[in-house]
Amino acid sequence: EDDGLSPEAIVIKGQEAEVRHQYLELAMEELTERERHIFIERRLTDDPITLEALGKHYGISRERIRQLENRAFNKVQQAIHKSAIEG
């Protein structure tokens, strides 16, 4: 007996993942280019770049990178929430 997901559950799971991905893409449009880069490098990669490395790249402090990362995360979170309510 197969204890895995049913074919229907697999399809539903795939559709949910696609919707989440679309929400994320739309939400990221709210970010500036710098915020988007920091967000991707810190939150969407398997091996996140350090705050220090990003700070050197942009010529700003680690603390400022952390602030920008948090601001970008909050913008994305709010945009996803708004899309989910409207969609």
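Throughout, read-outs are computed from the coordinates displayed, never taken from laboratory work. Source: prediction; values computed, not measured. All Cβ positions, even for glycine, are placed from backbone atoms using ideal geometry, and neighbour counts span all protein chains on display.
In terms of its alpha-carbon gyration tensor, the stretch 8-51 comes out oblate; a/c meets the 1.5 threshold, while b/c is at least as large as a/b. When only the Cβ of Lys, Arg, Asp and Glu is charged (+1, +1, -1, -1), the dipole of the stretch 40-85 relative to its Cα centre reaches about 260 debye.
What fraction of the Cα pairs in the chain, stated in percent, has a spacing above 20 angstrom? Taking all Cα-Cα pairs of the chain, the fraction more than 20 Å apart is 47 percent. Each residue of the stretch 57-74 is assigned a 3J(HN,Hα), and the resulting list reads 4, 9, x, 9, 6, 4, 4, 5, 4, 4, 4, 5, 4, 5, 4, 4, 4, 5 Hz, derived from the Karplus form 6.51 cos²θ - 1.76 cosθ + 1.60 (θ = phi - 60°), x at Gly and Pro. The charge dipole of the chain, taken about its Cα centre with unit charges on the Cβ atoms of Lys, Arg (+1), Asp and Glu (-1) only, comes to about 840 debye.
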